[in-house]
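Notes to accompany the following structure.
Rule-based calculations on the coordinates, nothing more; no lab input. This is a predicted model, so every value here is computed, not measured. Virtual Cβ from ideal backbone geometry, glycine too; neighbours counted across all protein chains shown.
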Amino acid sequence: PKATTAMAKLILLCLKFVTLCGSIGAVFEDQVGKFDWRQQYVGKVRFSHFDTHVQSSKKVLVATENNVFAALNTRTGDLFWRHVDKTGPEGSIDALLQHGQDAVLVVGNGRLLRSWDINVGGLNWEIVLDSGSFQAACLSGQQDNVKHVAVLKKTVISLHYLSNGHQKWIENLPESETVDYQAVYSGGNGEVYALGVVPHSHIAIVVYSADDGEIIKQVSVEAPWLSNIQGSCAVISQGMLTCVDPAAVSLYMLDLHAESQMTQVPLQSLGLEVVPGFRPVLVSTQPNPAQQPLSEFFVQLGPENYVLLQLNNGQIVTLRDFKPAMLVSFVTAGEKTVAAVMSPKNKTACSINLFSAETGRRLLDTTMIYSLDPNVGKPEKLYVQAFLKKDDAVGYRVMVHSEDHALSFLQQPGRVMWTREEALSDVVTMEMVDLPLTGTQAELEGEFGKKADGLMSMVLKRLSSQLILLQAWIAHLWKLFYDARKPRSQVKNDVTIENLSRDEFNLQKMMVMVTASGKLFGIDSKTGSILWKHYLEDVPSNAAFKLMVQRTTAHFPHPPQCSLIIKDKDTGLATLHVFNPIFGKKSHVTPPALPQPILQSLMLPLMDQDYAKVLLLVDDQYKVSAFPSTKNVLQQLQEMASSIFFFLIDSSQGRLSGYRLRTDLSTELIWEVVIPTEVQKIVSVKGKRPNEHVHSQGRVMGDRSVLYKYLNPNLLALVTESTDQHQERSFIGIILIDGVTGRIIHEAVQRKAKGPVHVVKNGYEYWSTKSRRNEFSVIELYEGMELYNSTVFSSLDRPHAPQVLQQSYIFPSAISTMEATLTEKGITSRHLLIGLPSGGILSLPKMFLDPRRPEMVSEQSREENLIPYAPELLIRTEWFINYNQTVSRVRGIYTAPSGLESTCLVVAYGLDIYQTRVYPSKQFDVLKDDYDYMLISSVLFALFFATMISKRLAEVKLLNRAWR
Amino acid sequence: MASPGRQGGGGGGGALSTRGGSGARRMKWALELSLGNTRSRGDRQGGQGDVVYPIGYSEKPVPDTSIQETDKNLVEKRCWDVALGPLKQIPMNLFIMYMSGNTISIFPIMMVCMMAWRPIQALMSMSATFKLLESSSQQWLQGLVYLVGNLLGSALAIYKCQSMGLLPTHSSDWLAFIEPPQRMEILGGGMVL
């Protein structure tokens, strides 16, 4: 028996070896960063503080809407450290307070209180707070010492030590059922004020002692005009609650220390006027939480009008009227507090100036110019870092946060030190476009964009474009020759739009990324540098995007063309943005006006005479409009109408419907499937990708017969989830349906399972509640041993149902997203790219997900190289294509073929963006990196000379022999 | 380099030999005592001994050109040998086939190539073989036997290829040439945006 077990082990080892050999794809150390890059983002900034406790600090803290807390380097814009919390409201950052080298965060609607050391980004402490919705937080100090954090919730107020987070005291708020407590204030005198409001009735003020939480005072002041404290009030000077009433156009002031009535100061009495319809806003500052706020404050009277006011002995004095002014911000350096004001200069630039807060006088030599790029959104917020120069003057730097979520850091006199495009943390969809052969040709395209009809002119056009190509090629050669003579260090490889050109194997492409904020980016896939950006204004926040490449770069001199459908989900109305994906410029082609709500779009393989693919837009009347809609296109459409089908899935009604195009561009309903929404709802649908090729039409069996694949290009995979979430009754369903005929080809139900379900071409993953694990299922469809019709595929003529093979596996991790690799011809074996929540991207060979994996090894299965079935799918560390470059919160993976059959380009996007190449079957068409050219060529030369010499010797010898 | 040894040898032996040109040049005259040792001179004169043969004497034996009756049978026999050659190789080939097995590796492949190539080569040089068999009376029969032998040989080679799986006889061998079917319908759409 010992011998047999040893034998079995040996066989197992051999098998393992065989499987390993088939699929090793790790990176060598010297290849790190050679073909891949990663960019880390933080998201739209919600709170930001400069690190002021050290004079020479280079940190700026940001807390973002994406639940990220990070420190940026103000010199370079890089991340010092970053903490990514849970997504959704559980990890949302409610408040950021900073004191010294501690940053205190309230997270998850007041669920957690955390303190971070901002130098190293380490956690000082974390405590769990009582549940209850968070309202406000502030630092509280006494005698210039900040020791506590006050947290105000709907019903309680609590005070925590700054040093260790321990709760000092917690008190229930009086009358919390009626009073809406909204703000908390501490003026540094050992008292904590909770400010609440009963809307349109009165203000409630509760004063607590910071020492023991005892209520010192409880005041209620009439304020029938007030509904919201946070939006319209601020505390200034020595505890003066100042509120602004837009209806009466006046300020109301209340001394928190004295029990008194509110005093009304009409703005008109100060000589100020509010822009009609504008709700005035107060901006105040409290430089040190252990001291009182400043008595100076801003009132915003209009979209471009701010006034600096001062409270002087109970009287409000106007210090300066800023008109026009877009943004204002207070900042303190040392003991001086200044106000930074951004005002428009001309159409393309803004100027930022510093003003003394006490006097309102402009400080000399503090002007900074901020140029407004038309492709960048308007500035939204200023974050100012002020510092004292040697001569005690105030110097400053500004971080501008703009509408498109970009952060730019400016230094005097207006030099942009860095820009972070935080919109890229929320990529919605992307495409990869081939680069043009050279940039110069693309510039010439304008001259040749004209239409040319007739044979002769077409020939001439063709010849001239060929001539231009030749000329560009010669120029390229000349440049190569010229560069080759220069020392290598001098040849700069800066990629700009001008010198963009396709490389030999088409490995470098343009990544066109669409972000949720409506900003489009063109990114070089090789280096990751942003080559163009375009901000689309007026994009609704809940818009749906669909990006399509209408014309690739292959049709020189016609410029490549992309179309982006932006649909407002509320109104259903859509707009079409047509642009050149290489330069980002808006195309001169006018997009059609879309007066009707658009339901879906459909890209046809038809082309117009300018080689632009035809885009069909289906409106809510099920009428179709074509773009471009020239006569030529309409004629082609009429000819082809009977073979154009489309399907629509209305998830809310559970309705799937298929339509056929009529020649008059109306449609007829040909099938309809209703999935009752009470039982299950449609979650997602996947079809074939248009650029996907399958090289082999079948699989070779062990006995050398062929099992033909069922390659139905019209097949749709539909995922449904049960509405019943109970773990005993929940299920998910997979429906494979033919999109042309509506015929359901296969249906599978996984009981006791729940989503999220991720589907790729022929596999899906779900969470099994029964055994509490992630499971992975594969469905493959085969036509059988014989092809029904090998020349054409028509869904309307398919008498035989395909054979369905299915197998399930246990996957040891949850999955964020999945995608299959894609190569030029589809010869290379396929891998599945799986984005894991841990930030890894796993490249799983498809052969592990093969429903034909046998339970018992037989001669035939061994011949087919099938791995014996094992329920567990292992994750091997060498399968991670991003080694230690963690990609946070992967939301999508995009794959694109390159010019090399072995190579597939991969972009993973989420909070970070990661680009790399994968070689599913290794680099069979490329010489290795460490290929020894020297050795090979020297051996070749040596052999060549050896043959020459021996030939000569042989000749001499022959001659000698002949003489003998 | 070897001259001292040579000189010593010359002095020690009874016969005085003149080996090499240098020796000949040094000596004014030489007396050859033994008749057999003519090799040194013979080397120089291109294979002819310096023994003078009588006129008309030839060193080579003169072939017997007279045709006899038994020669005809011999020719016939020789021709049959040629004709039956390929057939005689078949048992040998069978043995090699059996020994080399059906695995695809370098040696069995070489064997199969040899086995296949030899009959083909023989068939290609058929006319030359026919010329050889011209003198035989059963020329056509022999030719036929020769042809059949070679064909059998190549059939054997093909059988071997077949059993090794080298022949494209299965549908899987033509899989790579199947073009993807052309799609008749164009489909698009998706979830309502």
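When both the stretch A:894-917 and the stretch A:574-644 are represented by their alpha-carbon centers, they are found 28 Å apart. The phi torsions of the stretch A:537-551, fed into the Karplus equation with coefficients 6.51, -1.76 and 1.60 and a -60° offset, translate into couplings of 7, 6, 8, x, 5, 10, 5, 9, 10, 9, 10, 9, 9, 8, 9 Hz, rounded to whole numbers, with Gly and Pro shown as x.
Provide the FRET efficiency to the nearest 0.05 for the A:Asp255-A:Ser133 pair, computing r from the beta carbons and using R0 = 45 Å. Each step should come with its number before you reach the end.
On the way: r = 30 Å, r/R0 = 0.66.
Taking R0 as 45 Å, the efficiency between A:Asp255 and A:Ser133 is 0.90.
Remark: relative contact order (chain A) = 6 percent; criterion is Cα-Cα distance under 8 angstrom and separation of 6 or more residues.
Taking amide H as placed 1.01 Å from N in the peptide plane, the amide H of A:Val197 sits under 5 Å from that of A:Asp180, A:Tyr181, A:Gln182, A:Ala204, each at least 5 places away or on another chain. Spacing of the modelled spin labels on A:Glu786 and B:Asp71, each 7 Å from Cα toward Cβ, amounts to 6.9 nm. One Cα centroid belongs to the stretch A:536-573, the other to the stretch A:337-375; the line between them spans 37 Å. Here's how it looks for A:Trp671: its modeled amide H is under 5 Å from those of A:Gly658, which are all 5 or more places away or on a different chain.
Note on A:Thr178 and A:Phe387: the model spin-label points, each 7 Å out from Cα along the C-beta direction, lie 5.4 nm apart. Fully extending the segment from A:Met456 to A:Ile369 would add 25.7 nm, taking 0.36 nm per residue of separation and subtracting the current Cα-Cα distance. Ordering A:Gly121, A:Ser227, A:Ser163 by Cα displacement along the dipole of chain A toward the positive end leaves A:Gly121 in first place; charges were set at the Cβ atoms of Lys, Arg (+1) and Asp, Glu (-1). Putting +1 on Lys and Arg Cβ atoms and -1 on Asp and Glu Cβ atoms, find which of A:Gln292, A:Pro344, A:Ser186 reaches farthest to the positive end of the dipole of the protein assembly as shown. The one lying farthest along the dipole's positive direction is A:Pro344.
Here the spin labels are modelled as points 7 Å beyond Cα on the Cα-Cβ line, and at A:Thr590 and B:Ser105 they lie 7.7 nm apart. Among the residues of B:169-179, the average count of other protein chain beta-carbon atoms within 10 Å of the residue beta-carbon is 5. Here's the picture: charge each Lys and Arg Cβ at +1 and each Asp and Glu Cβ at -1 in chain A, and of A:Ser938, A:Pro557, A:Pro276 the one pushed furthest to the positive end of that dipole is A:Ser938.
Mean projection of the Cα convex hull over all viewing directions, computed for the stretch A:598-674: 4.9 nm². Between A:Asn632 and A:Glu214, the contour length at 0.36 nm per residue exceeds the alpha carbon distance by 142.1 nm. In chain A, the sites counted are chymotrypsin sites (Phe, Trp or Tyr not before Pro) in DSSP loop states with at most 11 other Cβ atoms within 10 Å, and the longest stretch holding none of them, exclusive of the sites, is A:29-923.
Check each of the trypsin sites (Lys or Arg not before Pro) in the stretch A:693-758 and keep only those in coil by DSSP with at most 12 other C-beta atoms within 10 angstrom; list them in order.
Those satisfying the criteria are A:Arg729.
Taking amide H atoms as placed 1.01 Å from N in the peptide plane, the amide H of A:Cys350 lies under 5 Å from those of A:Lys345, A:Tyr370, A:Ser371, A:Leu372, each 5 or more residues away in sequence or on another chain. When you work out D = kT/(6 pi eta Rh) for the stretch A:541-650 at 37 °C and 0.692 mPa s, using the Kirkwood radius from C-alpha pairs as Rh and the Stokes-Einstein form, the result is 225 µm²/s. Charge dipole (Cα centre; +1 on Lys/Arg Cβ, -1 on Asp/Glu Cβ; no other charges) of chain A amounts to roughly 3680 debye.
Could you work out, residue by residue across A:700-713, how many beta carbons of other chains sit within 10 Å of that residue's beta carbon, and then give the average as an integer? Could you put the intermediate results ahead of the total?
Working: counts 5, 3, 0, 2, 6, 3, 7, 1, 3, 0, 0, 3, 3, 7.
The mean count of partner-chain Cβ atoms within 10 Å per residue comes to 3.
Every Cα-Cα pair of the stretch A:618-750 was included, and the share exceeding 17 Å stands at 68 percent.
Charges at C-beta only: +1 for Lys and Arg, -1 for Asp and Glu. How large is the resulting dipole of the stretch A:762-897 about its Cα centre, in Debye rounded to 20? Before the final figure, lay out each step's value.
Values: 13 positive and 15 negative charges, 127 e Å.
Its charge dipole is roughly 620 debye.
Expressed as a whole percent, the proportion of Cα-Cα pairs in the stretch A:281-423 lying more than 25 Å apart is 27%.
Geometric descriptor of the stretch A:827-938, per residue, is 157 Å³ (volume of the convex hull of the Cα atoms).
3J(HN,Hα) along the stretch A:520-533, derived from phi through the Karplus expression 6.51 cos²θ - 1.76 cosθ + 1.60 where θ = phi - 60°, amounts to 9, 10, x, 10, 6, 6, 7, 10, x, 7, 7, 8, 8, 9 Hz, with x in place of Gly and Pro. Under the combined filter of DSSP loop state and at most 16 neighbouring Cβ atoms within 10 Å, the stretch A:40-135 retains these trypsin sites (Lys or Arg not before Pro): A:Lys58, A:Arg75, A:Lys86.
With the Cα gyration tensor of the stretch A:202-307 giving a ≥ b ≥ c as the square roots of its eigenvalues, does the rule (a/c under 1.5 for rounded; else a/b larger than b/c for prolate; else oblate) give rounded, prolate or oblate?
On the way: a/c = 2.38, a/b = 1.62, b/c = 1.47.
Prolate.
A Förster distance of 25 Å, applied to the separation of the beta-carbon atoms of A:Asn145 and A:Ser56, puts the FRET efficiency at 0.55. Counting only other chain Cβ atoms within 10 Å of each residue's Cβ, the peptide A:636-648 averages 2.
What FRET efficiency do you get for A:Asn691 and A:Asn288 if R0 is 45 Å and r is their Cβ-Cβ distance, rounded to the nearest 0.05?
Values: r = 61 Å, r/R0 = 1.35.
The value I calculate is 0.15.
Spatially, the stretch A:122-166 and the stretch A:35-106 are offset by 20 Å when compared through their Cα centroids.
Kirkwood hydrodynamic radius of the protein assembly as shown, from the reciprocal of the average inverse Cα-Cα distance over all distinct pairs: 38.3 Å.
Note down the magnitude of the dipole of the stretch B:68-168 about its Cα centre, charges +1 on Lys and Arg C-beta and -1 on Asp and Glu C-beta and zero elsewhere, to the nearest 20 debye.
Values: 7 positive and 5 negative charges, 48 e Å.
The dipole of the stretch B:68-168 has a size of about 220 debye.
Would you calculate the volume per residue, in Å³, of the smallest convex hull containing every Cα atom of the stretch A:511-582?
Numbers: hull volume 6.2 nm³, N = 72.
In the stretch A:511-582, the Cα hull volume divided by residue count equals 86 Å³.
Extension gain for the segment A:Met934 to A:Asn109, taken as residue separation times 0.36 nm less the Cα-Cα distance, is 290.5 nm to one decimal.
Rounded, prolate or oblate for the stretch B:68-168? Axes are the square roots of the Cα gyration tensor eigenvalues, ordered a ≥ b ≥ c, and the cut-off for rounded is a/c under 1.5.
Details: a/c = 3.47, a/b = 2.58, b/c = 1.34.
It is prolate, given that a/c is not under 1.5 and a/b is the larger ratio.
At 222 nm, what value in deg cm²/dmol follows for chain A if DSSP H runs of at least 4 each add -39500 (n - 2.57) and the sum is divided by all its residues, to the nearest 500? Before the final figure, lay out the partial values.
Working: 7 runs with 112 residues, N = 964.
Helices in chain A give a 222 nm mean residue ellipticity of -4000 deg cm²/dmol.
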